[in-house]
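Contents: one structure, followed by commentary.
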Amino acid sequence: MPILEFQKVSKSYDSKSKALTDVSFAVEEGEFVSIIGPSGSGKSTILRCINRLVDATQGAIVFDGQDITRANKKEIRQIRKKTGMIFQHYNLVDRLSVVENVLHGRLGHKSAMAGVVGYYTEQEKEQAFQIIAKLGLTEQAYKRCDELSGGQKQRVGIARSIMQGPRLILCDEPIASLDPNSSKVIMDHLRNINQTMDITCIFNLHQVDVAIKYSKRIIGLTLGRIVYDGPPDQLDKATIYEIYQSNEGELITDVG
Amino acid sequence: MSGERAEKSPRPENQTSVFVKRKRTFTLAFLAVAALFVISALVTDYNVIAGFESIPKAVVWIVKNLVPDERAWSRLPNILAKLAETALLSVAVTVCAAVCAFFFGLLGTRTTKINPWIGRGVRIVASFFRNVPDVVWAILLLFSFGQNILTGFFALFFVTFGLLTRTFIETIDEVSADCVEALQATGATYMQTVFQGIIPSSIAEIISWILYMIETNIRSSTLIGVLTATGIGYLFDLYYKRLDYGSASLVVVSIVVLVIAIELVSNQIRKVIM
Amino acid sequence: MSELAVPVTGSLSLDLHKHMKKNRGGKIKIGAQSKSGPAVKMTLLVLLGLTIFGFLTFDYKGIDFAGAVSATMNNVQVVFGQPHLKYNTLPGAMHGLLVTFALGVLSTIIGASIALFGALLCARNIANARVATLVKGFVAFIRAVPTILWVLIFAVAAGLGSVAAVVGLSFHSAAYLIKAYSESFEEMDSGTIEALKASGASYWQIVFQAVLPASISYMTAWTFLRFEINFANAIAMGAAAGAGGIGYDLFMAGSFYFDLRELGFITYIVVAAVILLEIVATKVKAKVR
């Protein structure tokens, strides 16, 4: 059974235009899927529909055997607990320490009051330190996040999502604000997490070359419709140009 | 200004036209301001020459009369007591208004509002409290609370509450929007998001505004004191009307010292926490 | 998924404990090592302490609080629910509004003109350092005196009437705007001034060709903000220092005729005017930017 299934999902923010139109696909447990497409094609909307930061207008989204479009407030929290999310702008609380930000991943698991006052068990703290060590941030553990570089901030973001103990991690343009070296570090960490911890990863990427290099499956999205869904080696130039609605030679990314 | 972008253009003929255009804009703006000035002076019966002449006269008068004399110094304990009361009043008002404004403001931000209608309602209520002058509140409260410290308290509270609500909404939208999304995505509850995300990310800005409002409220409470015969404002008005300018000047000096001290301390705190 | 997502290995965990900071109870610390955290807590605690101390020591003169609150509620209902005009007329109130508006305009224009030169004298990047410190200190002093006291002082020193109000309000405006303008001058890119100096430009050329054009949008924003403050202050001066205008009408309605309904009507006029000003100011600021 797939861990995630989109069944004819549509989303419109206003009455005039549709952000997503009849999107259907299924993701198996442990997959590493990239969604590519031009800005405004609906990539972000797909990810945010999964953890209900955005509500789909039509269709069903089945996650872990449950139609999440019908989930109530309490169930939404349960779904969000099981899905980590990584953002383009890291979305950390800049004035708090690395450890505190990583521990935020536990908020969904805690009682409302313990979370409000920021009380964490020793076991949780040790776990946070282990994840921090795994991402190579031990030296930075007590630094405030506004003292970190972009690549380090994104690693904190990854650590926060692992701390949730998720089944699925949603990565919204995780390397769009990073230089090539940091991008590689981040992508390697995420692939490593996907392989060793068996966590399913869904990516939004706009770097086609990165998507081809790292993922075993690519979904191409144009104007809210899926135009390609398959392995990277079958993604030919013509399809890429179709996805980006452009002619040969107009794309910066050189597809080999 | 509209000309600035074109100014960087390398073509000289373009450049001259930009200078001409800018000169024309400046001239027009200057003429408009001058006209506004003349009309305003006519409306208020303001004599520009008398206005400027009054300044040296006033300075001479201030130097001669606004000097604390012996009688004034004997009143120092009384003045200091009222000054301390005013300082405590503006701290208490600002802290209470800030707490209320923070939680009320949460309902008005783009990221944490519960629904768009409540959000709009919050902004309208804040705008109302901000724009009804403190003078009106003072006159109004004088009827029910009389010459009481609470008259000043509530008059200042309402205006501070309105001002801080708007400011906090802007601050939260600017500083905290990203981390709110991330915390919601981890499954955190509303209150967890507030206490673990919004408060830590905006607290420095919030404190900075609180300190600023404390300083402003000391000045405002002097005004309300004059109007409602309470606090340090009343003391000044009392000496002033008895023509006891020496004592009145000591009141002014004590306020100046207090305000500047608060400003200096605030700047130090801002330096450390920002 | 297990509770610990990462497998614990002996050496890793031993190494990690070296990096963990413990508090006195042996619990692992999680807060950042910085001065700002404790400073924030201290500031909040002191403010809270002062607030509580204030409430405990205020002289309430044995007021019947519940009674006063319910009386206030009633009065608020009368003021905002049943506004009317009895002693004043609509043209009269409009004239009052016009006078207050004009007081605000005059004091803002005078204050801004003085501030323009004052700010040039105390912006760190274009002024003499010693003069700058002197001007800044003087300005801090003027700002520290509440506007109402300036107006009252000028009322004795220069005679009552609009002169005292305008000069008193301008004094405070000038001091406020000197600080605001000089800060926007200081934010300017220092390279621009250097480049112009190197090309042999005179002081006034630098001021008019570089400094003012670069900060004009900031200055406009500050000036409008100050105008809004001056308008509010002009209302207050009318009520508390007899400076005329709609503030005086408020005072008459409330404290002379004791007519809450008229107080309400005039308040509505004031609120409408202030909101209108805010909208106009936003439009003009957008244009200058």
When the stretch C:78-101 is checked residue by residue, the ones that are in a helix (DSSP H, G or I) and among the polar types (S, T, N, Q) are C:T100
Scanning the stretch B:82-103 for residues that are in contact with a helix residue (DSSP H, G or I) (Cβ under 8 Å, 6 or more places away or on another chain) and farther than 19 Å from B:Y212 by Cβ, the one nearest to the other protein chains (Cβ to nearest Cβ) turns out to be B:E85
Flagged in the stretch A:1-40 as hydrophobic (A, V, I, L, M, F, W, C) and under 17 Å from the mean Cα position of the chain (by Cα), in numbering order, are A:I3, A:L4, A:F6, A:F25, A:A26, A:V27, A:F32, A:V33, A:I35, A:I36
*asked:* So for the stretch B:149-157 (the condition being farther than 25 Å from C:F65 by Cα and either within 14 Å of chain A (Cβ to nearest Cβ) or touching a helix residue (DSSP H, G or I) at 6+ places or on another chain (Cβ under 7 Å) (or both)), does at least one residue qualify?
replied: no
Going through the stretch B:60-81 in order, the residues found to be within 14 Å of chain C (Cβ to nearest Cβ) and aromatic (F, W, Y) are B:W61
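Every residue, every condition in (1) in contact with a strand residue (DSSP E or B) (Cβ under 7 Å, 6 or more places away or on another chain); (2) not small (G, A, S), yes or no:
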position: A:K73; (1), (2): no, yes
position: A:G84; (1), (2): yes, no
position: A:F87; (1), (2): yes, yes
position: A:V93; (1), (2): no, yes
position: A:A114; (1), (2): no, no
position: A:L135; (1), (2): no, yes
| said: Any residue at all in the stretch B:23-45 that's facing chain C (nearest Cβ under 8 Å), free of Cβ contacts under 8 Å to residues at least 12 places away in the same chain and outside any helix (DSSP H, G or I)? | reply: yes
Out of (1) within 11 Å of another protein chain (Cβ to nearest Cβ); (2) outside any loop (DSSP other than H, G, I, E, B), the one A:N192 does not meet is (1)
| Hey, does the stretch C:70-82 have a residue that's more than 9 Å from chain B (Cβ to nearest Cβ), of a type outside the set (K, R) and loosely packed, with under 12 Cβ neighbours inside 10 Å? | yes
ask   = Condition test on A:Y90, is it of a type in the set (F, W, Y), within 10 Å of another protein chain (Cβ to nearest Cβ) and surrounded by fewer than 21 Cβ atoms within 10 Å (Cβ to Cβ)?
value = no
Restricted to the stretch A:167-189 and to residues being part of a loop (DSSP other than H, G, I, E, B) and not polar (S, T, N, Q), the residue nearest to A:G30 (Cα to Cα) is A:R167
* Asked: Does any residue of the stretch C:118-133 turn out to be within 9 Å of chain B (Cβ to nearest Cβ), farther than 26 Å from B:G231 by Cβ, out of contact with any strand residue (DSSP E or B) (no Cβ under 7 Å at 6 or more places or on another chain) and not acidic (D, E)?
  -> no
Selection status of B:A98, assigned by TED's automatic domain parsing to the domain that holds B:V252, touching a residue at least 40 places away in the same chain (Cβ under 8 Å) and buried (at least 23 other Cβ atoms within 10 Å of the Cβ) | yes
Filter the stretch A:140-152 for residues that are within 11 Å of another protein chain (Cβ to nearest Cβ) and part of a helix (DSSP H, G or I); the one that is farthest from A:H104 (Cα to Cα) is A:E147
Wholly inside the stretch B:158-267, helices (runs of 4 or more DSSP H) that include 2 or more residues that are under 30 Å from C:A32 (Cα atoms), over 22 Å from the mean Cα position of the chain (by Cα) and within 9 Å of another protein chain (Cβ to nearest Cβ) are B:177-185, B:190-193, B:199-228
Scanning the stretch B:121-137 for residues that are at the interface with chain C (Cβ under 8 Å from one of its Cβ atoms) and part of a helix (DSSP H, G or I), the one surrounded by the most Cβ atoms within 10 Å (Cβ to Cβ) turns out to be B:V135
Of the residues in the stretch C:150-177, those that are at pLDDT 85 or above and not hydrophobic (A, V, I, L, M, F, W, C) come to C:G168, C:S170, C:H172, C:S173, C:Y176
All-but-one check, A:L137 against (1) away from chain B (no Cβ under 12 Å); (2) under 20 Å from the mean Cα position of the chain (by Cα); (3) among the aliphatic types (A, V, I, L, M), failing number (2)
Expected single match for buried (at least 17 other Cβ atoms within 10 Å of the Cβ) and closer than 24 Å to C:G242 by Cβ among B:I232, B:I273 is B:I232
Of the listed residues (B:I224, B:I218, B:I172, B:I203), the one being within 16 Å of B:C100 (Cβ to Cβ) and not acidic (D, E) is B:I172
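Table: residues versus (1) part of a helix (DSSP H, G or I); (2) on the phi < 0 side of the Ramachandran plot; (3) within 14 Å of chain B (Cβ to nearest Cβ).
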residue: A:L103; (1), (2), (3): yes, yes, yes
residue: A:Y119; (1), (2), (3): no, yes, yes
residue: A:E124; (1), (2), (3): yes, yes, yes
residue: A:Q127; (1), (2), (3): yes, yes, no
residue: A:A133; (1), (2), (3): yes, yes, no
residue: A:Q154; (1), (2), (3): yes, yes, yes
residue: A:A159; (1), (2), (3): yes, yes, yes
residue: A:G165; (1), (2), (3): no, no, yes
Filtering the stretch A:197-254 for residues that are touching a helix residue (DSSP H, G or I) at 6+ places or on another chain (Cβ under 6 Å), of a type in the set (A, V, I, L, M, F, W, C) and modelled with pLDDT under 85 leaves a count of 0
Checking A:A60, A:A56 in turn, the sole residue that is modelled with pLDDT under 95 and either surrounded by 23 or more Cβ atoms within 10 Å (Cβ to Cβ) or within 13 Å of chain B (Cβ to nearest Cβ) (or both) turns out to be A:A56
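The values are calculated or read from the model by the stated rules, or taken from the named source; none is laboratory data. All values reported here derive from a predicted model rather than from experimental measurement. So basically every Cβ, Gly included, is an ideal-geometry build from the backbone, and we count neighbours across all protein chains shown.
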